[in-house]
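Below you'll find the structure, written out as structure tokens, and then a few comments.
The values are calculated or read from the model by the stated rules, or taken from the named source; none is laboratory data. Everything numeric in this text was worked out from a predicted model, so none of it was measured. All Cβ positions, even for glycine, are placed from backbone atoms using ideal geometry, and neighbour counts span all protein chains on display. Please note that ligands, DNA and RNA were not included when accessible areas were found on the heavy atoms of the full protein model with its side chains. Shrake-Rupley method; radii C 1.70, N 1.55, O 1.52, S 1.80 Å.
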Amino acid sequence: MNPVQTIIAKELRSFFVSPVVYVIGAIFLAIVGLLSYQAVANASNQAVRLMQLQNTNAQLNLNEMVFRPLFQSMNLILMIILPLLTMRLFAEERKLHTFELLLTSPIGINEIVSGKFLSVVIVYAGLLSLTALIPMTLSAYATFDWNPVVLGYLALFLQGSLMIAIGLFASALTENQIIAAFLSFGLILGLWVLGALSTAFGDSTFGQILSYLSFTEHYERLIRGLLNIKDLMYYISGMAFMWFAAHQAIDAYRWK
């Protein structure tokens with residue numbers, strides 16, 4: 001195995017021997033399952049009411065009534081869940097004093113940062129893939145457009161990966177896992193707040209800058225089924241920037 005694969009294997013082993021990932025995963029899936037059940041129940045109730053009023057089969061847009069609200073809610077859940085997954089990446093190494101051994105090993109900082117980042121992305125992708133049972137099950141009983149659903153899952157993956165990169169950087173700054181989790185959540189919340197602030201400035205240049213820096217507009221376009229290169233570049237550049245920031249934080253620690 002190359003150095004990145006070695007780091008990934010090490011991190012995955014530490015994830016799955018700890019109960020934390022199972023608890024976080026169970027909570028995440030339980031909340032998503034409950035939200036999806038409520039969304040489907042609301043859509044079903046509306047269909048029944050329309051049938052009673054029109055005396056005919058009601059045609060409902062499940063993409064707007066079920067999946068889009070679900071994706072919006074999942075985004076809020078990720079803001080809380082993912083900092084808990086990333087808080088231990090470097091903070092635990094520093095607390096246990098194994099970070100120095102890692103830095104003096106033949107593995108470079110690039111490989112260390114990449115391996116730790118990809119390990120959490122793999123865990124997150126696994127959790128996300130389990131939620132795909134929701135549209136697959138619903139497709140057996142109703143018809144809907146799969147394109148917005150696929151783009152919605154792409155949005156969730158990119159959004160989650162960006163939050164993981166932010167958590168990676170936060171964990172590289174401290175040896176306290178709780179502080180790393182709160183710092184990660186604060187940074188993610190700050191990006192979300194930028195989107196709310198951008199509306200106060202309207203279509204001005206400053207408002208457009210704030211809107212672009214926030215993930216809100218980019219995420220909303222994707223879950224509506226609109227694929228834009230600008231949105232993809234936002235997530236890719238955001239992950240690259242946070243990866244670079246984590247790299248610099250570790251490099252600065254090495255020379256202390």
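The slack between H97 and S129, meaning 0.36 nm per residue of separation minus the straight C-alpha distance, is 8.0 nm.
Using a 1.4 Å probe over the heavy atoms of the protein chains, calculate the carbon and sulfur portion of the accessible area of the chain as a whole percent. Heavy-atom surface of the chain belonging to carbon and sulfur, 1.4 Å probe: 68 percent.
Helices in the chain, meaning DSSP H runs of at least 4 residues, each add -39500 (n - 2.57). Divided by all residues, the mean residue ellipticity at 222 nm is -26500 deg cm²/dmol. Counting only protein heavy atoms and a 1.4 Å probe, region 99-233 has 47 square angstrom of accessible area per residue.
Between A240 and M136, what's the calculated FRET efficiency when r is the beta-carbon distance and R0 is 30 Å? Round to 0.05. E(calc), rounded to 0.05, equals 0.35. For the chain, place one equal point scatterer on every Cα, skip the solvent, and apply the Debye formula. What is log10 of I(q)/I(0) at q = 0.09, 0.11, 0.17 Å⁻¹? Values returned for q = 0.09, 0.11, 0.17 Å⁻¹ are -0.46, -0.66, -1.29. Relative to the longest principal axis of the Cα atoms of the chain, the long axis of helix 146-171 lies at roughly 30 degrees. When the square roots of the Cα gyration tensor eigenvalues are ordered a ≥ b ≥ c, the ratio a/c for region 134-208 is 1.5 or more and a/b does not exceed b/c, which makes its shape oblate.
With a simple spin-label model that places each label point 7 Å from the Cα along the Cα-to-Cβ direction, the separation between E64 and F182 comes to 4.3 nm.
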